[in-house]
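> Dropping the structure in here first, questions after.
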Amino acid sequence: MENAPSAPAEILLVDDDENYAFLTQQAFHLAKLVANLHHVTDGKQCLQFLRRQPPYSDAPVPDIVLLDLDMPVMDGRQVLAEIVKDNALKHLAVVVLTSRDERAEILRMYQLRCNSYICKPVEFDKYVDVIRKLADYWLSVVMLPTRALSPAGSSRDEPASRLSSILSRAR
């Protein structure tokens, strides 16, 4: 039995570079991803969005936050530090998506508890491939707290029935 189609993923892109925002939107489209891509241009707006503060009072809870590091007003490092110390936000999946590839920066972001660190490829085709792989992993493989089944909709036998289904298809 196949899973029923789920609601579109809610993705928050935090990047001050409008060109990368456009490329990310195009990459999602070319990768045929079913997602609502929301975009803010700095860390302050990101925290307002996540906390549903005006002008983002009706903002959805994102399944994934794609966070650039170098931005005005409040950079990605400051945003991540705020997210991990806020009990209402620290469960969110935060993927650093940046052009920086320095070893010390990567280590620092993992120490701040980012969930993944991805360096943006320069070539558009490779960028689309990265976005496709990112979405496949985070939206198909990983169990995100924002997309978890409600207690009423789950059952103790569900993992066993999924395993049986996989095994029967493999035979």
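The values are calculated or read from the model by the stated rules, or taken from the named source; none is laboratory data. All figures in this text were calculated on a predicted structure; none of them were measured in a lab. Please note: Cβ atoms are built from the backbone with ideal geometry, for glycine as well, and neighbour counts cover all protein chains shown.
> Do we have any residue at all in the stretch 21-39 that's charged (D, E, K, R) and surrounded by 14 or more Cβ atoms within 10 Å (Cβ to Cβ)?
no
> Under 8 Å between Cβ atoms, which residue pairs at least 6 apart in sequence (or on different chains) link something in the stretch 93-115 that is closer than 23 Å to LEU144 by Cα and touching a residue at least 24 places away in the same chain (Cβ under 8 Å) with a partner that is surrounded by fewer than 13 Cβ atoms within 10 Å (Cβ to Cβ) and of a type in the set (Phe, Trp, Tyr)?
none
> If we scan the stretch 27-42, do we find a residue that is aromatic (Phe, Trp, Tyr) and not in a loop (DSSP other than H, G, I, E, B)?
yes
> Let me ask something additional. Quick one: count up the residues across the stretch 84-100 that are in contact with a helix residue (DSSP H, G or I) (Cβ under 7 Å, 6 or more places away or on another chain) and buried (at least 23 other Cβ atoms within 10 Å of the Cβ).
Of the residues in the stretch 84-100, 2 are in contact with a helix residue (DSSP H, G or I) (Cβ under 7 Å, 6 or more places away or on another chain) and buried (at least 23 other Cβ atoms within 10 Å of the Cβ).
> Continuing with the same structure: Residues that are within 25 Å of LYS133 (Cα to Cα), more than 14 Å from the chain's Cα centre (by Cα), free of Cβ contacts under 8 Å to residues at least 60 places away in the same chain and surrounded by 20 or more Cβ atoms within 10 Å (Cβ to Cβ): does the stretch 52-69 have at least one?
Yes, the conditions are met somewhere in the stretch 52-69.
> Pairs please, first residue from the stretch 126-139 and touching a residue at least 12 places away in the same chain (Cβ under 8 Å), second anywhere and among the basic types (Lys, Arg) and crowded, with 19+ Cβ neighbours inside 10 Å, Cβ atoms under 7 Å, 6+ apart in sequence or on different chains.
Listed pairs, sorted by first residue: TYR127/LYS120.
> Shifting gears a bit: If ARG147 satisfies all but one of (1) loosely packed, with under 11 Cβ neighbours inside 10 Å; (2) of a type in the set (Lys, Arg); (3) at pLDDT below 90, what's the number of the condition it fails?
(1) is the only condition that ARG147 fails.
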